[in-house]
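Structure, as C-alpha cells:
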Amino acid sequence: MESSVRHLVYDKLADASLELYFALKKRLEAEAKEIGLSYQQAQVLTFLKDKSSVTMTALAKAFDLTQAGMTGLIDRLIENRLVVREYDPKDRRVVLIRISENGRAKSNIYQKKLAAVFKKIACGLSSEERKTFIALSKRLKF
C-alpha cells in the first residue's frame, strides 16, 4: 500500500512539473516572439550576455545542438546583428561568438520581460511560499 501511495505522489509531482514546464515555456516563447526572437535565439543571447566570447563547440554543447544546428541559429542572429562571429587570434580554426551591443540591448529587453512574467507568477504566492519555492528549486537534482 505504501508503495502505491508513493507512486501516486511521484505521478502527481511529474504531472505538476510538466504542467509548469509547458506553461512557462509557452509564455517565454511568446515573450521572445514579441521582440522578434525565437525562444532559442533569446536563450542564446541570455547565455552570451555575460561572457566575452564562446566557441561554437561550447555553444552547441550547452544547448544540446549539433554543430550544424547551432551554426544555423547563429547565422540568423548574425543576420540580425545580434551576435558577431570572430576567429580566435591564437588558432584561426576556432570560431568564437560574442554578443553585439544590439544583441545585449535585445537580451536586456527580454530579461525585463521575463522579470515581469515571474513577478506576475510570484504575486499569487505568499512571501513564505516564494521562499519555499526558491529553496526547493535549488535542491532539485537532475
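The values are calculated or read from the model by the stated rules, or taken from the named source; none is laboratory data. Note that the structure is a prediction, hence the values are computed from the model and not measured. Note: ideal-geometry Cβ built from the backbone for every residue, glycine included; neighbour counts use all protein chains shown.
Any residue at all in region 85-107 that is in contact (Cβ under 8 Å) with a residue 40 or more places away in the chain, more than 13 Å from GLN43 (Cα to Cα) and of a type in the set (Val, Ile, Thr)? Within region 85-107, one or more residues are in contact (Cβ under 8 Å) with a residue 40 or more places away in the chain, more than 13 Å from GLN43 (Cα to Cα) and of a type in the set (Val, Ile, Thr).
Pairs meeting the criteria (first residue in region 16-39 and at negative phi, second residue modelled with pLDDT of 95 or more and among the charged types (D, E, K, R), beta carbons under 6 Å, at least 6 apart or on different chains) are GLU31/LYS113; TYR39/GLU29. Quick one: in region 49-58, of everything that is outside any helix (DSSP H, G or I) and of a type outside the set (Ser, Thr, Tyr), which residue is surrounded by the most Cβ atoms within 10 Å (Cβ to Cβ)? Across region 49-58, the extreme among qualifying residues is VAL54. Which residues, counting only those in region 59-89, are outside any helix (DSSP H, G or I), closer than 19 Å to ALA32 by Cα and either touching a Ser or Thr at 6+ places or on another chain (Cβ under 8 Å) or acidic (Asp, Glu) (or both)? ARG81, LEU82, VAL83 - these are the residues of region 59-89 that are outside any helix (DSSP H, G or I), closer than 19 Å to ALA32 by Cα and either touching a Ser or Thr at 6+ places or on another chain (Cβ under 8 Å) or acidic (Asp, Glu) (or both).
Please work out if ALA116 is of a type in the set (A, V, I, L, M, F, W, C), under 28 Å from ARG130 (Cα atoms), out of contact with any helix residue (DSSP H, G or I) (no Cβ under 7 Å at 6 or more places or on another chain) and assigned to a helix (DSSP H, G or I). Against the criterion (of a type in the set (A, V, I, L, M, F, W, C), under 28 Å from ARG130 (Cα atoms), out of contact with any helix residue (DSSP H, G or I) (no Cβ under 7 Å at 6 or more places or on another chain) and assigned to a helix (DSSP H, G or I)), ALA116 qualifies.
Taken over region 113-141, the criterion of being of a type outside the set (A, V, I, L, M), exposed (fewer than 12 other Cβ atoms within 10 Å of the Cβ) and farther than 16 Å from LEU24 by Cβ is satisfied by SER126, SER127, GLU128, GLU129, LYS131, LYS138, ARG139, LYS141. In region 26-48, how many are part of a helix (DSSP H, G or I) and under 15 Å from LYS113 (Cβ atoms)? Number satisfying all stated conditions: 15. Annotation: LEU65 fulfils all but one of (1) modelled with pLDDT under 95; (2) of a type outside the set (S, T, N, Q); (3) surrounded by 15 or more Cβ atoms within 10 Å (Cβ to Cβ); the unmet one is (1). If I filter region 92-113 down to residues being in a strand (DSSP E or B) and of a type in the set (A, V, I, L, M), which single residue comes out as farthest from the chain's Cα centre (by Cα)? Of everything passing the filter in region 92-113, VAL94 is farthest from the chain's Cα centre (by Cα).
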